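Here the structure comes first, spelled out in structure tokens, and everything after it is commentary.
Just so it is clear, none of the values below were taken in a lab; they were calculated from the coordinates. All values derive from a computational prediction rather than experimental measurement. No Cβ is skipped: glycine too gets one built from the backbone with ideal geometry, and neighbour counts run over all protein chains shown.
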Amino acid sequence: MPKSVAVMILASPYGGTSSQTALQYCEALLEQGHSIYRLFFYNEGAYNAIATSESSQDELNICSAWQQLVQSNKLDAVVCIASGLKRGVLDEPEAKRYEKPCAPLASGFELSGLGQWVDAVNNADQHIVFGG
């Protein structure tokens with residue numbers, strides 16, 4: 001029976017393997033017919049939503065892989081606004097508000113509060129946290 005899952009990502013894209021493991025888990029969930037209620041990027045996980053990230057030619061660009069997963073599956077992908085602001089992961093309104101020169105938040109992601117995670121935990125069938 002298909003289930004909906006809320007997924008929190010606490011790990012940066014290149015600080016270990018947790019972000020890539022979370023990505024593979026999400027891909028497998030979708031392949032098996034389950035749904036992702038919400039992806040929530042918190043603390044160092046906010047770095048996964050940077051549109052301008054590049055990696056070496058011989059490495060998987062984890063940020064681009066997350067972006068592709070979010071966009072191709074029309075997933076609800078939220079970056080904690082407090083985590084994002086501390087790490088320079090801003091959308092256009094926040095970049096203007098803080099007079100920053102760019103807004104590197106990737107397309108398909110949104111900045112929002114921790115209440116989005118609470119909502120996801122309350123409404124999804126299951127929740128899982130990667131990293132920490």
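Peptides 114-124, 20-30, 92-102 ranked from most to least packed by the mean count of surrounding Cβ atoms within 10 Å: 20-30, 114-124, 92-102.
When the Gaussian network model of the chain links Cα atoms closer than 10 Å, the mean-square fluctuations of SER18, SER64, SER56 top out at SER56. Karplus-based coupling profile of region 84-93, in residue order and whole Hz: x, 4, 5, 10, x, 9, 10, 8, 4, x, with θ = phi - 60° in 6.51 cos²θ - 1.76 cosθ + 1.60 and x standing for Gly or Pro.
Summing charges over all other residues whose Cβ lies under 9 Å from the Cβ of GLU110, with Lys and Arg as +1 and Asp and Glu as -1, gives -2.
Taking 10 °C and 1.306 mPa s as conditions, region 4-130 diffuses translationally at an estimated 110 µm²/s according to Stokes-Einstein applied to its Kirkwood radius (Cα pairs). Of all lysines in the structure, those lying under 29 Å Cα to Cα from LYS96, and not within fewer than 8 positions of it along the same chain, are LYS74, LYS86. A simple count of charges around ALA120, restricted to other residues whose Cβ falls under 12 Å of its Cβ and scoring Lys, Arg +1 and Asp, Glu -1, yields -2.
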